[in-house]
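The values are calculated or read from the model by the stated rules, or taken from the named source; none is laboratory data. Treat the numbers as computed from the prediction; the structure is a model and nothing was measured. Glycine gets a Cβ as well: all are built from the backbone with ideal geometry, and neighbour counts include every protein chain shown.
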Amino acid sequence: MERRLHTRHRARTTVYILLPDGQRRLCKAVNLSATGVFIRTVGLGLRKGQQVSLAFAIDLGAVTKLHRRTAVVAHVSGGGTGLMMDAFAAAR
């Protein structure tokens, strides 16, 4: 049974992730919702509960919006990393 509050949508966007050690990495988003994103990651060394910063663009047709969010690692699997975002406040 699906327990998500927000519908996931397929994503074809690139996500820049700022790691806790200050490194920046470019990753591909697999799916996206109002409060979460699953990104393809390999060897980033992220652990559940770590906080990261994200930056990604969403193409709305005539307008492309740049989003900056803080997120917490919700889970890490062989295919990538699930991140729970702060949906309402942009990271400063």
Practice problem: Count, please, the residues in region 28-76 that happen to be in a strand (DSSP E or B) and without any contact (Cβ under 8 Å) to a residue 40 or more places away in the chain. | Solution: 21
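Hey, among the residues in region 42-67 that are under 15 Å from Tyr16 (Cα atoms) and modelled with pLDDT of 90 or more, which one's farthest from the chain's Cα centre (by Cα)?
Filtering first and then ranking leaves Leu46.
Filter region 10-36 for residues that are under 17 Å from Gly78 (Cα atoms) and either in contact with a Ser or Thr (Cβ under 9 Å, 6 or more places away or on another chain) or modelled with pLDDT under 85 (or both) and give the result. Even if it seems obvious, please write down each step before you answer.
At the first step, the residues of region 10-36 found to be under 17 Å from Gly78 (Cα atoms) are 27-31.
The answer is Cys27, Lys28, Ala29.
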